[in-house]
1. Could you compute the FRET efficiency for Arg20 and Met52, with r as their C-beta to C-beta distance and R0 at 30 Å, rounded to 0.05?
2. Where does helix 2-72 land angle-wise versus the long Cα axis of the chain, in degrees 0 to 90, nearest 10?
3. When ligands, DNA and RNA are left out and all protein chains stay put, how many square angstrom of accessible area per residue does the chain have with a 1.4 Å probe?
4. Would you work out what percent of the accessible area of the chain, with all protein chains in place, is carbon or sulfur (probe 1.4 Å)?
5. Could you give me the radius of gyration and the Dmax of the chain, taking only the C-alpha atoms into account and expressing both in angstrom?
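The values are calculated or read from the model by the stated rules, or taken from the named source; none is laboratory data. None of the values given here were measured: they were computed from a predicted structure. Note: ideal-geometry Cβ built from the backbone for every residue, glycine included; neighbour counts use all protein chains shown. Note: areas computed on protein heavy atoms with side chains; ligands, DNA, RNA excluded. Shrake-Rupley method; radii C 1.70, N 1.55, O 1.52, S 1.80 Å.
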Amino acid sequence: MTVAQAEATRLIEEARGIARRVTEQETQRARAAAEQLVLKARDAAAQEHTRMMAELRREVGRLVVRTTAAVIGKILTPEDQRRLAEETTKELTTS
């Protein structure tokens, strides 16, 4: 009986040790997966920011051209529009 009890205790301790190792391995896997998700989210946010800034620059350039045409009271040539858009973009990127 004592031998059986000792064997049972040994098996229980062994099972507990295995459970701790499995838990630690799964925790490490979960951490790694979470880190990957965070990295992907940061990358996506950076790409979205870049896209939105480019869109904003285009929109500001378009508004500058429209406002300038309205203020000076003349129709701007495509060359005038291009120049204004380039100057606006240059100003936005240096600010």
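1. It comes out at approximately 0.05.
2. Relative to the chain, helix 2-72 is tipped by roughly 0 degrees.
3. Details: 8090 Å² over 95 residues.
Per residue, the chain has an accessible area of 85 Å².
4. In the chain, the share of accessible area belonging to carbon and sulfur is 61 percent.
5. 32.6, 106
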